């Protein structure tokens, strides 16, 4: 058995195991400490006609908001996409339109969160979804999508 | 492989290789979305062509292309299948609670002990019937019974096998693992196998950890979790088997060479990334991470696995198979069939009848 044709891969094997562990734990730390954002978030409200609903959402910026009245997509007038800690944001549906009011200090909202309160005076069901997408989406460019 | 000293020329190859792997992985993500949307439009909710398969196919095509243009050997140091896979596994720990890990890990360890012992000695015995050299027998039996390429490399170090033997076994591992990654989830679905049993079957049966994760991914989230834990339970036996092999070769096969293995070899061969996996799992179980963070970690883990699957395809070396003749191929395939059937029985009893998993 020729010596030069033999291998002793022990050293590189050890290095790779520890390297993978360190990279993996570093990525976990980066994500957990919030260096790449809050992670994907979602808060949604569904208020039948004539009702009110409240939901809490993380007090952070970058929310994208979609709204529907009776299944029809509609934009919200005066919408705020940065939610402040401990504040409550009022949304009201009247005469087929949804309007956002200035934020007020909220009661009994857990730390780090903001309240979203929806009052539905419209004749149809209103649904509102606050969403933040993953910082590292699976498809990035959407070239084939 | 990739940590040998690199000249400036080699660094260029590594850079090109890394760029190729990244671009191909982005392509896999895009294709996966497009394929998934296509099936949704046809009324098929679950994509039958999950991303591990797309990634391996893309990798194999790149493999052929790189060989044709003569870049294959130059970019090969950047093809780090095991590294990407292990990074992904550490992150996957966030999704698996320590309770599930203990429960499934216990069942997985029992299954691993049965599988590793039975498959190792069956392969060793059969290889003896075909008069394969002792070092090739050791590398092959370790690969097919424990965890494919990692085990082959560890065993090669323990018995001082030839480099060509490791290359050859690596090619066989990939050649059998890719079809198994696709076929076993399909069989599991066809015979309506419980997700837990299916996961334990993939974990006990498919040689290489990347393909185990791939089969689990194709079958579903639960199967992926169980398959991973069961495979990791099998992985931790690498050190013990390497030590036993080194001892056997030192005392019996090459007794005149005066080498004596130390028990430290067990720790040296232990897959260290399992420590990271368990640590992340423990942190997740202690509610250190929010669900949003776990979701983000899953996304990163998925990217790491996609990189690994692309690398599997690129790293396949069909040329290595021609060098050794039919004997080792027959032994390896027979051992794989034995492994597949035994793993199904063991998983059915341990995770089905005895319900040792969750």
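Here, each number is a calculation from the coordinates, and none is a lab measurement. Since this is a predicted model, take the numbers as computed values, not measurements. Methodologically, a virtual Cβ is constructed for each residue, glycine included, from the backbone with ideal geometry; neighbour enumeration extends over all protein chains shown.
Go ahead and estimate [θ] at 222 nm for chain A from helices alone: -39,500 (n - 2.57) per DSSP H run with n ≥ 4, summed, over the residue count, rounded to 500.
When only DSSP H runs of four or more count, the value is -5500 deg cm²/dmol.
Between the helical axis of A:10-32 and the dominant principal axis of chain A, each derived from Cα atoms, what acute angle in degrees is found, rounded to the nearest 10?
It works out to around 10 degrees.
Restricting to Cα pairs below 8 Å that are 6+ residues apart, what does the relative contact order work out to for chain A? Please round to a whole percent. Mind showing how you got there, number by number?
Values: 261 pairs, mean separation 43.5, N = 145.
Across chain A, relative contact order equals 30 percent.
Please average, across the residues of B:148-156, the number of beta carbons from any other chain that are within 10 Å of each residue's own beta carbon, and give a whole number.
Average neighbour count from other chains, rounded to a whole number: 2.
Which whole number gives the average, over all residues in B:280-287, of C-beta atoms from other chains lying within 10 Å of the residue C-beta?
Mean shielding count: 1.
Between A:127, A:66, A:108, find the one with the highest GNM mean-square fluctuation for chain A; connect C-alpha pairs within less than 10 Å.
Top of the fluctuation ranking is A:108.
How big is the protein assembly as shown on each of its three principal axes, counting only the C-alpha atoms and giving the largest first in Å?
Largest to smallest, the principal-axis extents are 92, 55, 44 Å.
Compare the peptides B:68-81, B:158-171, B:36-49 by average per-residue count of other Cβ atoms within 10 angstrom and give them in order, highest first.
The packing order, highest mean first, is B:158-171, B:68-81, B:36-49.
Once Rh for region B:153-244 is found with the Kirkwood sum over Cα pairs, what is the Stokes-Einstein diffusion coefficient at 37 °C and 0.692 mPa s, in µm²/s? Let's see the in-between values first.
Working: Rh = 13.7 Å.
Rounded, D is 239 µm²/s.
Would you please put B:285-294, A:20-29 in order of how densely packed they are, using the mean number of other Cβ atoms within 10 angstrom per residue and starting with the highest?
On the way: B:285-294: 15.5, A:20-29: 20.1.
In decreasing order of mean packing, B:285-294, A:20-29 become A:20-29, B:285-294.
Show me, bin by bin at 5 Å from 0, the whole-percent P(r) of chain A based on Cα pairs.
Pairs per bin, as whole percents: 2, 9, 14, 15, 12, 11, 8, 7, 5, 4, 3, 3, 2, 2, 2, 1, 1, 0.
Between B:173, B:213, B:280, find the one with the highest GNM mean-square fluctuation for chain B; connect C-alpha pairs within less than 10 Å.
Maximum fluctuation in the GNM of chain B, among the listed residues, is at B:280.
Using Cα pairs closer than 8 Å and at least 6 residues apart in sequence, work out the relative contact order for region B:1-95, in percent.
For region B:1-95, the relative contact order is 43 percent.
For residue A:30 and residue A:55 in the same chain, what is the full-extension length gain: residue separation times 0.36 nm, less their Cα-Cα distance, in nm?
Values: separation 25, 0.36 × 25 = 9.00 nm, distance 2.85 nm.
Answer, rounded to one decimal: 6.1 nm.
Can you give the convex hull volume per residue for the Cα atoms of chain B, as a whole number of Å³?
Per residue, the Cα convex hull of chain B comes to 148 Å³.
Just rank B:225, A:125, B:296, fewest to most, by other beta-carbon atoms within 10 angstrom.
On the way: B:225 23, A:125 16, B:296 28.
So the ranking, lowest neighbour count to highest, is A:125, B:225, B:296.
Test of understanding: in a Gaussian network model of chain A with alpha carbons linked when under 10 Å, which of A:58, A:131, A:82 would top the mean-square fluctuation ranking?
Maximum among the listed residues: A:82.
If I take R0 = 41 Å and measure r between the Cβ atoms of residue B:44 and residue B:130 in this structure, what FRET efficiency does the formula 1/(1 + (r/R0)^6) give, to the nearest 0.05?
Working: r = 45 Å, r/R0 = 1.09.
FRET efficiency, residue B:44 to residue B:130: 0.35.
I need the peptides B:344-355, B:195-206 ranked by packing, meaning the mean over residues of other C-beta atoms within 10 angstrom, with the highest value on top.
B:195-206, B:344-355
Tell me what chain B gives for mean residue ellipticity at 222 nm when only DSSP H runs of n ≥ 4 count, each as -39,500 (n - 2.57), the sum divided by the residue total, rounded to 500 deg cm²/dmol.
Numbers: 17 runs with 269 residues, N = 358.
That comes out to -25000 deg cm²/dmol.
Can you pull the mean other chain C-beta count within 10 Å for peptide B:165-171?
1
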